[in-house]
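Take a look at the structure set out below.
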């Protein structure tokens, strides 16, 4: 019986997933689809910090540790980190989980509310249930994909949401491994494909389009067992005609690893 091949598009924790796959007697195929690119607009941040001096935000929500570090890296270069910290002292600071909380603590930022496990958007919104935000300014530290669920819920409660982009995901400079994955999918050499973000989906299809091989990609993926980290990623796949056989719940890497582990054990 042939050894099944599991394609992994995760970059940062791809090695962890590859180790799991190997321990289950499967062959990992690493094809990183993302690289983090700073996207903190210095002029925008400087203008926002200046504006907040006279009209501080009621709430500031931080979603990722990478975003916190990118924001402060930008304010460091602008000489505005001290100003930002003093402004945050006037706001209710919310951390989505322990990772952004640790990054905030490293900058001596007080944290007022922390989302509970499993640290999803639902828990962030739950932590804010008792906070009146009608007509109040709410800063949301963003990243490549706008958290539509979070911002829609905040606006539904009357908040004036200020999105603060900090980084985005781009194609890696070396797209060779991803091109090899597209080739392997065409030759039916992949049994399982694991997606850990919607950006991976977009980048894979963007590269396939650039290579003139987009038309068959959905059908080729559908010949594999497609695993998704959660609803946003699943929606991106379905929009492109790809069926999802396994979705993590809650949408985190840990539950995805557990579900994948069970699937590979069967």
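The values are calculated or read from the model by the stated rules, or taken from the named source; none is laboratory data. Computed from a prediction, not measured in an experiment: that's the story for all the values here. So basically every Cβ, Gly included, is an ideal-geometry build from the backbone, and we count neighbours across all protein chains shown.
Among the numbered conditions (1) in contact with a helix residue (DSSP H, G or I) (Cβ under 7 Å, 6 or more places away or on another chain); (2) closer than 25 Å to residue 176 by Cα; (3) not in a helix (DSSP H, G or I), the only one that residue 37 does not meet is (1).
If you go through the range 13-34 and keep only what is under 30 Å from residue 68 (Cα atoms), out of contact with any helix residue (DSSP H, G or I) (no Cβ under 7 Å at 6 or more places or on another chain) and exposed (fewer than 15 other Cβ atoms within 10 Å of the Cβ), you end up with 15, 16, 19. Just one of the listed residues (258, 218, 249) is under 27 Å from residue 116 (Cβ atoms), out of contact with any strand residue (DSSP E or B) (no Cβ under 6 Å at 6 or more places or on another chain) and assigned to a helix (DSSP H, G or I), and it is 258. Among helices (runs of 4 or more DSSP H) entirely within the range 48-154, having at least 3 residues that are in contact (Cβ under 8 Å) with a residue 60 or more places away in the chain and closer than 30 Å to residue 33 by Cβ singles out 65-78. One residue is enough: does the range 15-34 have a residue meeting the conditions on the phi > 0 side of the Ramachandran plot and assigned by TED's automatic domain parsing to the domain that holds residue 233? For the range 15-34, residues on the phi > 0 side of the Ramachandran plot and assigned by TED's automatic domain parsing to the domain that holds residue 233: present. Screening 242, 226 for residues that are surrounded by 15 or more Cβ atoms within 10 Å (Cβ to Cβ), assigned by TED's automatic domain parsing to the domain that holds residue 191 and in a strand (DSSP E or B) leaves exactly one candidate, 226. Screening 70, 106, 95 for residues that are modelled with pLDDT of 95 or more and either buried (at least 22 other Cβ atoms within 10 Å of the Cβ) or in contact with a strand residue (DSSP E or B) (Cβ under 9 Å, 6 or more places away or on another chain) (or both) leaves exactly one candidate, 95.
Would you point out the residue of the range 156-183, among those that are in contact with a helix residue (DSSP H, G or I) (Cβ under 6 Å, 6 or more places away or on another chain) and outside any loop (DSSP other than H, G, I, E, B), that is surrounded by the fewest Cβ atoms within 10 Å (Cβ to Cβ)? Out of the qualifying residues, it is 161.
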